[in-house]
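See below for the structure under consideration.
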Amino acid sequence: MVERAFISRVVRGCLVRFVVAIILLALSTASLSVGIAQRTVFDEPDTIVRTVEPGTQAPATIIAGSELMAFPGRQTLTVTGGVSARVPDASGTGFERVESSSVFVAYGRTVDVMAWLSPGRHTKISYDAVADTFQSLPRSGELYLPDPRGSDLWFQEFSAAESVTFSLAARDDVTVLIMTDGLLPAPPVISIAWPRATEAPWILALIVVGVLSMVAGFVTLALAWAGWQRSQRPKRRNTRRMKPPRRATRPAKQSVRPTSVKKHGRRAARLLALPLAGIVLIGAGGCASEAPVANEQSEESEPEVQAPYPAVTEQQFATIMSRIGAQIVAGDEELSVNTLGVRVADPTLSARRAAYVVARADAESAAISPIPASPIRLVVPQQTQTWPRSVFGIIQDEQDVESPSLGVVIRQENPRSPYLLTYAVVLNPQVQLPDLPSASIGAPKLSADSKLTAIAPSELLLHYADVVNNGADSPFAGEFALASDALYGQVGPDALALRQESFGDAVSVRWTTSVTDREIVAFSTADGGAIVLGTLQQTERVAPEQSGATVNSSIGIRALTSLSQSALGFDVDSHVQVLWYVPPVGSEEGIRVLGYTYSLIGAREVSNE
């Protein structure tokens with residue numbers, strides 16, 4: 001009886017395992033089939049593509065960054081050209097039909113793009129979420145636009161003969177500009193693609209659960225088969241005389257059977273719960289992995305309070321300086337002010353003009369100081385959304401200690417004009433610069449009569465010129481750190497006395513320093529002070545004191561006056577571009593000269609009138 005009961009329990013346990021194995025394998029087959037089918041047969045394309053054909057004759061098409069964010073992910077734009085139109089001929093008296101397949105695409109800040117575009121005719125592309133299509137909205141304006149290539153406002157630009165494809169991660173404050181050349185209509189076909197998120201967590205969960213169920217099913221099947229084999233083996237009979245079971249133990253025997261069945265049931269439940277637990281865990285993991293993304297999107301969607309836009313980014317400044325540097329090299333090679341004037345303005349243009357005259361007269365003796373475009377150490381753009389706008393930067397090669405560091409200022413008059421180099425100041429050796437705002441924030445540009453600093457920028461130039469002329473007798477001498485001022489040592493009263501001593505009694509030397517009408521550029525510093533750039537003019541008169549004596553001219557004066565000597569003497573004009581640091585209000589520190597550039601700009605014979 002005992003042996004028969006034992007065999008019966010074993011058989012029932014094996015049957016339960018077989019049933020559990022079949023259920024697990026069936027679950028595995030269904031889960032794997034659905035998961036694999038979703039990744040293969042029913043898998044969606046990797047990208048979402050929308051194509052728009054504006055169908056207008058406007059010379060420009062724009063797409064705001066908010067429209068490009070209709071779907072999540074980085075955008076890929078493909079613009080295809082191929083247009084024809086009647087445009088004014090070269091003489092300007094008639095029209096001619098022109099065909100072109102060229103494509104130009106650029107993107108920049110929306111404020112800058114719209115300022116450049118205004119008041120030109122253009123087409124605005126907007127996304128209709130209900131219809132899931134892009135629509136063309138024509139805007140009236142001037143029929144023709146200037147050529148957009150090479151504008152300093154673009155973050156990046158692309159040009160090609162037939163089509164342009166590029167990708168970007170658009171922001172709300174960015175706009176894409178699509179054109180041909182400003183005369184012909186904009187390219188007719190625009191395609192926008194976004195990546196599709198194909199890695200659905202539930203598909204991965206199905207595949208993982210299918211694999212786990214398959215493994216559990218085969219393990220359960222192997223255990224059931226092994227148990228069945230053991231139950232079929234011949235059992236050795238027990239020869240000992242067994243005592244009859246007691247009555248009191250009968251209820252115990254009856255209670256064994258349900259207990260064993262419950263154990264098998266619990267074991268089966270555990271086996272069935274294994275894949276279900278996997279589903280729950282993987283699903284929870286999928287939810288956990290998605291939660292941060294949702295949080296990021298919600299955080300990004302919240303409006304951020306931002307300071308006024310900096311005029312340029314660091315990348316834009318590097319691009320602009322490379323263009324300016326290339327134009328300066330071309331102008332220096334040709335000794336042409338016209339070539340130089342494309343990218344350089346006063347006061348640097350005036351200094352370069354005189355240097356070219358001297359170089360043409362004596363190329364061996366006259367050396368033109370180079371103005372490098374890199375490496376860029378620091379950029380301080382003006383915080384503005386209007387024009388004109390300026391940017392201050394420092395060009396310094398930290399590897400070459402012999403090369404001078406330059407403080408430069410570039411200025412843009414209007415959205416369609418290029419940035420021009422105005423100031424190029426040689427910084428003092430081992431100069432200690434004040435704390436300046438980062439390029440991503442920029443700095444407010446101060447007016448010449450600003451009251452936000454300890455001294456207005458325009459008054460600063462007047463006071464410094466008075467100190468240079470009068471030395472310690474000037475009432476403004478205490479405002480400046482003259483003890484460490486190299487410029488004051490070169491142009492102040494002591495320097496004039498030394499120069500007079502070098503000429504002797506036969507020649508008199510006098511000079512005066514005054515303020516020019518060149519633009520004064522001032523930016524706020526991080527500590528509440530300011531950096532100020534201005535131009536002073538020093539006029540030196542060298543004249544003979546004795547009758548019949550003459551004054552010999554230097555190479556520069558000879559080139560500018562065509563005179564090797566004069567009995568009347570010479571008046572020589574020089575410009576001094578100066579960079580000052582004005583400490584914040586309440587500071588006891590004196591105003592410091594951070595650097596200067598001394599340039600000959602003109603010379604003439606003293607008039608005998």
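Values computed for the structure shown
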| read-out | value |
| --- | --- |
| Of all residues making up the stretch 505-548, the number that are among the acidic types (Asp, Glu) and under 20 Å from residue 492 (Cβ atoms) | 1 |
| Within the stretch 370-426, tally of residues that are assigned to a loop (DSSP other than H, G, I, E, B), hydroxyl-bearing (Ser, Thr, Tyr) and under 24 Å from residue 599 (Cβ atoms) | 4 |
| Single residue of 549, 522 found to be of a type in the set (Gly, Ala, Ser), in the same structural domain as residue 421 (by TED's automatic domain parsing) and assigned to a loop (DSSP other than H, G, I, E, B) | 549 |
| Residues of the stretch 116-150 classified as assigned to a strand (DSSP E or B) and closer than 17 Å to residue 183 by Cα, total | 6 |
| Helices (runs of 4 or more DSSP H) enclosed by the stretch 435-519 - at least 2 residues per element that are without any contact (Cβ under 8 Å) to a residue 24 or more places away in the chain and over 19 Å from residue 382 (Cα atoms) | 457-470, 493-503 |
| Criterion (surrounded by 13 or more Cβ atoms within 10 Å (Cβ to Cβ) and at pLDDT below 95) met by exactly one of 430, 500, 412 | 500 |
| Hits in the stretch 163-180 (condition: of a type outside the set (S, T, N, Q) and either touching a strand residue (DSSP E or B) at 6+ places or on another chain (Cβ under 7 Å) or crowded, with 21+ Cβ neighbours inside 10 Å (or both)) | 164, 166, 168, 170, 173, 174, 176, 177, 178, 179 |
| The lone exception for residue 375 - which of (1) more than 16 Å from residue 425 (Cα to Cα); (2) out of contact with any strand residue (DSSP E or B) (no Cβ under 6 Å at 6 or more places or on another chain) it fails | (1) |
| Filter pass, residue 81 being closer than 30 Å to residue 313 by Cβ, at pLDDT 85 or above, touching a Pro at 6+ places or on another chain (Cβ under 8 Å) and crowded, with 17+ Cβ neighbours inside 10 Å | yes |
| Residue check, residue 599 in a loop (DSSP other than H, G, I, E, B) and among the hydroxyl-bearing types (Ser, Thr, Tyr) | no |
| Residue list for the stretch 384-401, restricted to those being closer than 15 Å to residue 316 by Cα and either among the polar types (S, T, N, Q) or outside the structural domain of residue 440 (by TED's automatic domain parsing) (or both) | 390 |
| Hits in the stretch 595-609 (condition: of a type outside the set (Val, Ile, Thr), more than 18 Å from residue 559 (Cα to Cα) and crowded, with 17+ Cβ neighbours inside 10 Å) | 595, 596 |
| Looking only at the stretch 370-403, and only at residues there that are in contact (Cβ under 8 Å) with a residue 24 or more places away in the chain and more than 24 Å from the chain's Cα centre (by Cα), the one that is nearest to residue 440 (Cα to Cα) | 371 |
| In the stretch 555-571, the residues that are buried (at least 22 other Cβ atoms within 10 Å of the Cβ) and either part of a strand (DSSP E or B) or of a type in the set (Asp, Glu) (or both) | 570 |
| Test: residue in the stretch 539-548 that is of a type in the set (Val, Ile, Thr), within 51 Å of the chain's Cα centre (by Cα) and surrounded by fewer than 19 Cβ atoms within 10 Å (Cβ to Cβ) | yes |
| Members of the stretch 407-421 that are touching a residue at least 40 places away in the same chain (Cβ under 8 Å) and touching a Pro at 6+ places or on another chain (Cβ under 7 Å) | 411, 412, 416 |
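The values are calculated or read from the model by the stated rules, or taken from the named source; none is laboratory data. Source: prediction; values computed, not measured. Note that each Cβ is placed from the backbone with ideal geometry, even for glycine, and that neighbours are counted across all protein chains shown.
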